[in-house]
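Inspection log for the structure reproduced underneath, given as structure tokens.
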Amino acid sequence: GTRTAGGVAGLVVTAAVVAGCGQPTTPSTEVSGPLTDGLAQVVQLAAQRAAVSDQVAAAKFGTGQPVTDPDREAVVVAEARAQAGRDGVDPEWVARVVADQIAASTRVQNDLLQQWTEHPDSRPAERPDLALVRPEITRISNALVHALKVAEPARAQANCSSRLASVVQEQSRALDGIHAAALERAVRSVCDDAPN
């Protein structure tokens, strides 16, 4: 993998397995408390999703395949909404958060494709099979619905955004600029008091 992909993939065990490089580290959980724990799960999963986006970008690089896939994205959001309904979580909230994950992933892919075009020495050595990457994205999306259920009590709290920002800041210490920006984008709809 590249320096960028390797650094982020080392963040989480699953991402490291998908990327095939780096040694996993334990995400920091300095910010704690019952309300923050649910938010921390959401942020960690969003970071995993951003890391897996490296593999999606590598699969598409040089193929002419578009970054966005509206049909596939609609299926992902619909599946998350349906699971939220089964799990007793607000489906519209879950749909918004999952849509944010997709927007963040799109941002990572576009940034990496541009980087690899401008700096050929940073290009990935291999082209992953997108069909093998997608199940990991599905796993993260399913886990995200469960994490949002845990985070739901924190959602409407007056300090939700400040707690969330603390967790994001802590998680971002292990990320480069591309993935830190994507993580912020990915959690935009988590708190009710957050600007949309």
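The values are calculated or read from the model by the stated rules, or taken from the named source; none is laboratory data. Computed from a predicted model, the values in this text were never measured in an experiment. Counting neighbours? That spans all protein chains shown, and the Cβs are built from the backbone with ideal geometry, glycine included. In case anyone asks, the SASA skips ligands and DNA or RNA and just uses the protein heavy atoms, side chains included. Shrake-Rupley method; radii C 1.70, N 1.55, O 1.52, S 1.80 Å.
Residue count for region 109-130 satisfying the condition of being open to solvent by 70 Å² or more (accessible area, probe 1.4 Å) and touching a residue at least 12 places away in the same chain (Cβ under 8 Å): 6.
Could you say which residue among Ala74, Ala59 is of a type in the set (A, V, I, L, M) and out of contact with any helix residue (DSSP H, G or I) (no Cβ under 9 Å at 6 or more places or on another chain)? Write out each step before concluding.
Working: Ala59 fails: out of contact with any helix residue (DSSP H, G or I) (no Cβ under 9 Å at 6 or more places or on another chain).
Result of the check over Ala74, Ala59: Ala74.
Thr106 passes all but one of (1) touching a residue at least 24 places away in the same chain (Cβ under 8 Å); (2) over 16 Å from Arg185 (Cβ atoms); (3) among the β-branched types (Val, Ile, Thr); which number fails? Looking at each condition in turn, Thr106 falls short on (2). Can we say Asp69 is open to solvent by 20 Å² or more (accessible area, probe 1.4 Å), more than 19 Å from Val187 (Cα to Cα), out of contact with any helix residue (DSSP H, G or I) (no Cβ under 8 Å at 6 or more places or on another chain) and not aromatic (Phe, Trp, Tyr)? Spelling it out, Asp69 is indeed open to solvent by 20 Å² or more (accessible area, probe 1.4 Å), more than 19 Å from Val187 (Cα to Cα), out of contact with any helix residue (DSSP H, G or I) (no Cβ under 8 Å at 6 or more places or on another chain) and not aromatic (Phe, Trp, Tyr).
Can you go through Ala158, Ala154 and tell me which one is modelled with pLDDT under 95, within 15 Å of Leu39 (Cα to Cα), buried (at least 17 other Cβ atoms within 10 Å of the Cβ) and of a type outside the set (Lys, Arg)?
Values: Ala158 fails: buried (at least 17 other Cβ atoms within 10 Å of the Cβ).
When all the criteria are applied, what remains is Ala154.
Can Val133 be described as under 15 Å from Leu45 (Cβ atoms) and crowded, with 17+ Cβ neighbours inside 10 Å? No: the conditions fail for Val133. For region 65-104, filtering for residues that are part of a loop (DSSP other than H, G, I, E, B) and within 18 Å of the chain's Cα centre (by Cα) leaves 3.
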